[in-house]
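Visitor: One structure coming up, written as structure tokens, with questions to follow.
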Amino acid sequence: EYSDVAATSQRIVHKAELSPGIDEFIVHSPLIAHAAQAGQFVRVLPWEHGELVPLTLADWDAEAGTICLVVQGVGTSSLEINAMAVGDAFAGIAGPLGRPSEVHRYEPGTTVVFTAGGLGLPPVYPIMREHLTVGNHVTLIAGFRNADLLFWVGEDERVQRLQADFGDLLDVVYTSND
């Protein structure tokens, strides 16, 4: 059974444009989703004979067997990844890689502060979630160049769901240049 799961095509099941040039991909990758921990990343081989592109594991759902990758199209490979569509499959995804973030419960009254500018939000998100899960108070300061570039902050999006789940444990400050 393990070999069958490992041989599963790592196919894009959902794609969304978060802001101009930044796309979110939900990819069927059950082994990685099951093993993922906050702070880890993957190396994506978009197509055979392509280059391995390191990407943060922005989120995952072990039960659904999916991982979330956020890609900013700035170079040839990332632009071509962003041109991929639902149903397309990556040639390979290696991971999870890297040491997971060390998270522990702090003394009451202590706040863990995260600052994330734009594309810095996806790497911070799973680490922030783990701190909330162990009971730490968290403040997220998320900065974007302008309000049009905000993502994951709307109704029923990732940050708002954390606020609903953890209530007073999470304070969020959004900033922009406008």
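The values are calculated or read from the model by the stated rules, or taken from the named source; none is laboratory data. Remember, predicted model here, so these are calculated numbers, not experimental data. Cβ atoms come from the backbone with ideal geometry, glycine included; neighbour counts cover every protein chain shown. Accessible surface areas use protein heavy atoms only, side chains included; no ligands, DNA or RNA. Shrake-Rupley method; radii C 1.70, N 1.55, O 1.52, S 1.80 Å.
Visitor: Restricting the search to region 25-44, which residues are open to solvent by 20 Å² or more (accessible area, probe 1.4 Å), within 17 Å of Arg129 (Cβ to Cβ) and in contact with a strand residue (DSSP E or B) (Cβ under 8 Å, 6 or more places away or on another chain)?
Guide: Within region 25-44, Ile26, Ala35, Gln37, Phe41 qualify.
Visitor: Within the set of pairs 6+ apart or on separate chains, which have a first residue in region 48-70 that is in contact (Cβ under 8 Å) with a residue 60 or more places away in the chain, a second that is of a type in the set (Asp, Glu), and C-beta atoms under 8 Å apart?
Guide: Hits for this filter: Ala58/Glu24.
Visitor: As an exercise: evaluate Val74 against (1) within 24 Å of Glu17 (Cβ to Cβ); (2) open to solvent by 40 Å² or more (accessible area, probe 1.4 Å); (3) at pLDDT 95 or above and give the number of the one condition it does not meet.
Guide: With (1) within 24 Å of Glu17 (Cβ to Cβ); (2) open to solvent by 40 Å² or more (accessible area, probe 1.4 Å); (3) at pLDDT 95 or above applied to Val74, the lone miss is (3).
Visitor: Would you check which residues across region 99-112 are under 18 Å from the mean Cα position of the chain (by Cα) and without any contact (Cβ under 8 Å) to a residue 40 or more places away in the chain and list them?
Guide: Glu102
Residues checked against (1) at pLDDT 90 or above; (2) not in a helix (DSSP H, G or I):
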position	(1), (2)
Ala85	yes, yes
Ala94	yes, yes
Arg99	yes, yes
Pro108	yes, yes
Leu119	no, no
Arg129	yes, no
Ile141	yes, yes
Gln163	yes, no
Gly167	yes, no
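Visitor: Looking at Asp156, Asp148, Asp171, Asp165, can you tell me which residue is closer than 19 Å to Val70 by Cα, open to solvent by 60 Å² or more (accessible area, probe 1.4 Å) and out of contact with any Asp or Glu (no Cβ under 9 Å at 6 or more places or on another chain)?
Guide: From the options Asp156, Asp148, Asp171, Asp165, the qualifying one is Asp156.
Visitor: Further question on the same structure: From (1) within 26 Å of Gly117 (Cα to Cα); (2) among the polar types (S, T, N, Q); (3) free of Cβ contacts under 8 Å to residues at least 60 places away in the same chain, pick out the condition that doesn't hold for Asn82.
Guide: Failed condition: (3).
Visitor: Any idea how many residues of region 33-60 are of a type in the set (A, V, I, L, M), in a loop (DSSP other than H, G, I, E, B) and at pLDDT below 95?
Guide: 1
Visitor: Those residues that are in a helix (DSSP H, G or I) and either at pLDDT 95 or above or open to solvent by 80 Å² or more (accessible area, probe 1.4 Å) (or both), I need them from region 1-24; list them, please.
Guide: Those that are in a helix (DSSP H, G or I) and either at pLDDT 95 or above or open to solvent by 80 Å² or more (accessible area, probe 1.4 Å) (or both): Tyr2, Ser3, Asp4.
Visitor: Here's something else I'd like to know. Report yes if some residue within region 45-61 is over 26 Å from Asp148 (Cα atoms), under 14 Å from the mean Cα position of the chain (by Cα) and open to solvent by 20 Å² or more (accessible area, probe 1.4 Å); otherwise report no.
Guide: There is at least one residue in region 45-61 that is over 26 Å from Asp148 (Cα atoms), under 14 Å from the mean Cα position of the chain (by Cα) and open to solvent by 20 Å² or more (accessible area, probe 1.4 Å).
Visitor: Inside region 63-83, can you point out the residues that are touching a strand residue (DSSP E or B) at 6+ places or on another chain (Cβ under 8 Å) and among the polar types (S, T, N, Q)?
Guide: Thr66, Gln72, Ser77, Ser78, Asn82
Visitor: Look through Gly118, Gly95 and report the one residue that is buried (at least 16 other Cβ atoms within 10 Å of the Cβ), under 28 Å from Pro30 (Cβ atoms) and not acidic (Asp, Glu).
Guide: Among Gly118, Gly95, only Gly95 is buried (at least 16 other Cβ atoms within 10 Å of the Cβ), under 28 Å from Pro30 (Cβ atoms) and not acidic (Asp, Glu).
Visitor: Just to be sure I understand, how many residues within region 153-169 are in contact with a helix residue (DSSP H, G or I) (Cβ under 8 Å, 6 or more places away or on another chain) and either free of Cβ contacts under 8 Å to residues at least 40 places away in the same chain or acidic (Asp, Glu) (or both)?
Guide: 7
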